[in-house]
Amino acid sequence: MSVNTFGRVLRFTTWGESHGPALGAVLDGCPPGIALTEEMIQPFMDARAPGQSKFTTQRREPDAVRILSGVFEGKTTGTPVSLMIENVDQRSKDYSEVAKAYRPGHADYAYDAKYGFRDYRGGGRSSARETAARVAAGAVARLILRQVKITAYVSQIGKDEIDRSAVDFDQIGRNPFFCPDAAAAKRWENLVDEARLAGSSLGAVVECVAENVPAGWGAPVYGKLDADLAGAMMGINAVKGVEIGAGFGAAMLSGEENADPMRAGEGGPQFEANNAGGIAGGISTGQPVVVRVAFKPTSSILTAVDTIGRDGENTQIRTKGRHDPCVGIRGTPVVEAMMALVLADHMMLHRAQCG
């Protein structure tokens, strides 16, 4: 069984490989009558697209999305929406060494152990290229979630974090790092460039905030909103950790410190803190939903690393080709997309049960 589908009512399936002719997504369960054009999806694709600065992979992909089904006269019909993105700048010859040996930290060995062979050209389905399809599907989900505002940004690269007292969300689109702290973005230029020139890579933390999520989305026990968000984020290539709200920091707090005090307010309770990240008991509280996602350093690096070949012999590998020195940067639009897909699914689940 190969699991390539996510969601319950709003389900999406991604298909395609890094160096295949195309990749894409099929979004099933999309409500009818939603205005949808390729032009409405493209800005989200452009945000994730490679080759936009020296701090990302230099693979040149326009990531032009095509709608193949599910839309008539500019509106969704209620049938599956099929989206396709062509690959136009593959260089499979760059992976001749990867065909012979495994990249430590990458999925090469695990894929070989499971399937008995693998698509070594860019990593196939394990490539971050697969996330382009998620961003396309997420763009459609955002049209379902018109009242919800989703904002993601990089809060840390390597060991260098943003200054939270200097956060300005208007800065996110003004630098190549999706960074809300102008001073941190300036520091990161040297930090990422040094890693790139050294043939190495860096990890990153992406934070995502969803505002205007009403109270009541999610379900107890096995349908928890935070559990689905964690699963969605962990399903992104290169992600190794997810926190909701205070996350691991909650383990260091006392009960009164971790509590989110409530007072009576107009139209509902007013919270004085948000350690729960907008979710309690698996159900949204009406506060902003806050998720943090940790991306590991890119495994494809020019620095030689000890490994074994497919023949089982010891060797070393240097990965040639074009790779992100910090894959978390372009992971930012992907985190937004997965947030949108999970929230849209839970909005529809809530409507189905509670009307």
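The values are calculated or read from the model by the stated rules, or taken from the named source; none is laboratory data. Owing to the predicted nature of the structure, the values given are computational and were not obtained by experimental measurement. All Cβ positions, even for glycine, are placed from backbone atoms using ideal geometry, and neighbour counts span all protein chains on display. Only protein heavy atoms, including side chains, enter the accessible area calculation; ligands, DNA and RNA are left aside. Shrake-Rupley method; radii C 1.70, N 1.55, O 1.52, S 1.80 Å.
Checking the conditions here, which among 9, 26, 3 is modelled with pLDDT under 90, within 26 Å of residue 225 (Cα to Cα) and aliphatic (A, V, I, L, M)? If you could, list the steps in order and put the result at the bottom.
Working: 9 fails: modelled with pLDDT under 90; 26 fails: modelled with pLDDT under 90.
On inspection, the qualifying residue turns out to be 3.
Looking at segment 212-224, can you tell me whether even one residue there is open to solvent by less than 50 Å² (accessible area, probe 1.4 Å), aliphatic (A, V, I, L, M) and either touching a Phe, Trp or Tyr at 6+ places or on another chain (Cβ under 7 Å) or at pLDDT 95 or above (or both)?
yes
Looking only at segment 1-18, filter to residues that are within 20 Å of the chain's Cα centre (by Cα) and not in a strand (DSSP E or B); which one of those is surrounded by the most Cβ atoms within 10 Å (Cβ to Cβ)?
In this case the residue turns out to be 10.
Quick one: count up the residues across segment 334-355 that are surrounded by fewer than 24 Cβ atoms within 10 Å (Cβ to Cβ), part of a helix (DSSP H, G or I) and either within 10 Å of the chain's Cα centre (by Cα) or of a type in the set (Gly, Ala, Ser) (or both).
Total satisfying the criteria: 1.
Filter segment 157-199 down to the residues that are open to solvent by less than 40 Å² (accessible area, probe 1.4 Å), farther than 30 Å from residue 284 by Cβ and touching a Ser or Thr at 6+ places or on another chain (Cβ under 7 Å) and list them by number.
Of everything in segment 157-199, those that are open to solvent by less than 40 Å² (accessible area, probe 1.4 Å), farther than 30 Å from residue 284 by Cβ and touching a Ser or Thr at 6+ places or on another chain (Cβ under 7 Å) turn out to be 195, 199.
Among the residues of segment 160-198, write down those that are in a loop (DSSP other than H, G, I, E, B) and closer than 18 Å to residue 324 by Cα.
Within segment 160-198, 175, 176, 177, 178, 179, 198 qualify.
Under the condition of being open to solvent by 20 Å² or more (accessible area, probe 1.4 Å) and assigned to a strand (DSSP E or B), which residue from segment 308-330 is nearest to residue 200 (Cα to Cα)?
Per the criteria, the residue is 316.
Out of segment 277-289, which residues are buried (at least 21 other Cβ atoms within 10 Å of the Cβ) and under 19 Å from the mean Cα position of the chain (by Cα)?
The answer is 277, 289.
For every residue, the table says whether it meets (1) touching a residue at least 60 places away in the same chain (Cβ under 8 Å); (2) hydrophobic (A, V, I, L, M, F, W, C); (3) under 14 Å from residue 242 (Cβ atoms).
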| position | (1), (2), (3) |
| --- | --- |
| 172 | no, yes, no |
| 179 | no, yes, no |
| 190 | no, no, no |
| 193 | yes, no, no |
| 202 | yes, yes, no |
| 216 | yes, no, no |
| 219 | yes, yes, no |
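Just the residues that are open to solvent by 40 Å² or more (accessible area, probe 1.4 Å), in a loop (DSSP other than H, G, I, E, B) and in contact (Cβ under 8 Å) with a residue 40 or more places away in the chain, please, taken from segment 65-87.
77, 80
Just to check your reading of the model, which residue among 32, 21 is open to solvent by 70 Å² or more (accessible area, probe 1.4 Å) and modelled with pLDDT of 95 or more?
32
For the subset of segment 200-211 comprising residues that are among the small types (Gly, Ala, Ser) and under 20 Å from the mean Cα position of the chain (by Cα), which member is surrounded by the fewest Cβ atoms within 10 Å (Cβ to Cβ)?
Restricting attention to segment 200-211, the residues satisfying the condition of being among the small types (Gly, Ala, Ser) are 200-201, 203-204, 210.
Among the residues that remain, those that are also under 20 Å from the mean Cα position of the chain (by Cα) are: 201, 203-204, 210.
On the way: 201: 24, 203: 19, 204: 28, 210: 24.
My answer is 203.
Among the candidates 196, 174, single out the residue that is under 27 Å from residue 341 (Cα atoms) and of a type in the set (Lys, Arg). Before you say what the answer is, go through the steps one by one.
On the way: 196 fails: under 27 Å from residue 341 (Cα atoms).
Just one listed residue meets the conditions, 174.
Residues of segment 232-276 being touching a residue at least 40 places away in the same chain (Cβ under 8 Å) and open to solvent by 40 Å² or more (accessible area, probe 1.4 Å), which ones?
Of segment 232-276, the ones touching a residue at least 40 places away in the same chain (Cβ under 8 Å) are 232-233, 235-245, 247, 268.
Hits for segment 232-276 are 240, 243.
In segment 37-51, how many are under 15 Å from residue 66 (Cα atoms) and surrounded by fewer than 20 Cβ atoms within 10 Å (Cβ to Cβ)?
7
Out of the residues in segment 123-147 that are in a loop (DSSP other than H, G, I, E, B) and open to solvent by less than 20 Å² (accessible area, probe 1.4 Å), state the one that is modelled with the highest pLDDT.
Within segment 123-147, the match that is modelled with the highest pLDDT is 145.
Only residues in segment 37-51 that are assigned to a helix (DSSP H, G or I) count as the first member; pair them with residues that are of a type in the set (Lys, Arg) and modelled with pLDDT of 90 or more, Cβ under 7 angstrom, at least 6 apart or cross-chain, and list the lot.
Here the result reads 38/66; 48/330, each pair linking segment 37-51 to a residue that is of a type in the set (Lys, Arg) and modelled with pLDDT of 90 or more.
Out of (1) open to solvent by 60 Å² or more (accessible area, probe 1.4 Å); (2) within 20 Å of the chain's Cα centre (by Cα); (3) free of Cβ contacts under 8 Å to residues at least 60 places away in the same chain, what's the single condition that is false for residue 115?
Here residue 115 meets the rest and fails (2).
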